[in-house]
Amino acid sequence: MDWPQQAPFAAAITFDMDADSLIHAADPEGWKRPYAISMGQYGPTVGVPRILETYRRLGLRQTFFIPGWCVKTYPRAVEAILEGGHEIGCHGWIHENPAARTLSEQGEDLDRALEAIAAFSGYRPRGYRAPVYLLTNDTPSLIADRGFTYDSSMMADDEPYALDLDGRSLIEIPTHWGIDDWPPFAHYAEIGYMMPVRGPSEGLAPFFEEFEAARRDGGLWHAVWHPFLTGRRARWQVVERWLETALTSGAWFATLGEIADHAEGLRRAGRLRTLPFPAYSERQT
């Protein structure tokens, strides 16, 4: 894939600042679970400042996906993200499962989140990532209706592609579980996610291998991390040392908004893969 500035490949670190929205979305009694709440609180209060200081020192601007509830609950973290020139994308209202919501409820969740983000930042986000990637067949049209230009919830390619929404277009910047830090680092019994937690170097090694694969193929490397997981001290020190070298690789480090703009230009030139959405209009048997 061709990249701006004659860069040989592209790279993006995205952070989902879920904070403790996870426990509140999963359990109506979540407000009574201080351990789970405190684990989430680490993200905006400790992880985000640590990450932003590294970004400031290295001159990086990247993308943070934030639920609307977290914007209202942790304004100081969001303010610091904005002051650093980083992009904010929408990650639902309170990390609710869109697949468990009706069409009208999905729309209400989006509107509530957009209102919170716009009131704080002064702009409406252009990017969306569904909580736990669980978008529905209705979600892309709902976000296109609200002015979003890209989504980052699906997994049909290594590189950006376009969704054809019955004549309308939405850029998809794909992800997959191999570039998400939940499998190596999350142990969260309260929401039914219990994984063997890896050491910092072992857990992060697959991400760095993915980076080298993208370099070889001239593609996109895209990490999906969480401040309360990868923002932990020892893990982030491994990332920081790696970043100092990765930034000399020639990669175009960009926000997802910038990558989506580039992909849209390729789409208009007929040079971007396009898939119809939804993939199926009826039950398959």
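Here are some notes:
- Look at (1) of a type in the set (Lys, Arg); (2) surrounded by fewer than 17 Cβ atoms within 10 Å (Cβ to Cβ); (3) over 17 Å from the mean Cα position of the chain (by Cα) and you find that residue 101 fails only one, number (2).
- A single member of 52, 58 is surrounded by fewer than 16 Cβ atoms within 10 Å (Cβ to Cβ) and more than 20 Å from residue 179 (Cα to Cα), and it is 58.
- Among the residues making up the range 153-175, those that are out of contact with any helix residue (DSSP H, G or I) (no Cβ under 9 Å at 6 or more places or on another chain), surrounded by fewer than 18 Cβ atoms within 10 Å (Cβ to Cβ) and under 23 Å from residue 99 (Cβ atoms) are 156, 157, 164.
- Condition met for residue 208 (touching a Leu at 6+ places or on another chain (Cβ under 9 Å), under 23 Å from residue 173 (Cα atoms) and in contact (Cβ under 8 Å) with a residue 12 or more places away in the chain): no
- Residue that is assigned to a strand (DSSP E or B) and hydrophobic (A, V, I, L, M, F, W, C), where the choices are 65, 120: 65
- Residue match in the range 112-121 (condition: free of Cβ contacts under 8 Å to residues at least 40 places away in the same chain, crowded, with 20+ Cβ neighbours inside 10 Å and more than 19 Å from residue 259 (Cα to Cα)): no
- Out of 270, 219, sole residue that is in contact (Cβ under 8 Å) with a residue 24 or more places away in the chain and small (Gly, Ala, Ser): 219
- Every residue from the range 147-193 that is charged (D, E, K, R), at negative phi and assigned to a loop (DSSP other than H, G, I, E, B): 157, 158, 159, 181
- Scanning the range 177-191 for residues being over 18 Å from residue 62 (Cβ atoms) and either in contact (Cβ under 8 Å) with a residue 12 or more places away in the chain or among the aromatic types (Phe, Trp, Tyr) (or both) gives a total of 10.
- The range 146-178: number of residues that are among the acidic types (Asp, Glu) and either modelled with pLDDT under 95 or within 18 Å of residue 88 (Cβ to Cβ) (or both): 2
- In the set 223, 205, 269, only one residue is surrounded by 18 or more Cβ atoms within 10 Å (Cβ to Cβ) and modelled with pLDDT of 95 or more; that residue is 223.
The values are calculated or read from the model by the stated rules, or taken from the named source; none is laboratory data. Since the structure is predicted, the reported quantities are computational estimates derived from the model, not experimental observations. Methodologically, a virtual Cβ is constructed for each residue, glycine included, from the backbone with ideal geometry; neighbour enumeration extends over all protein chains shown.
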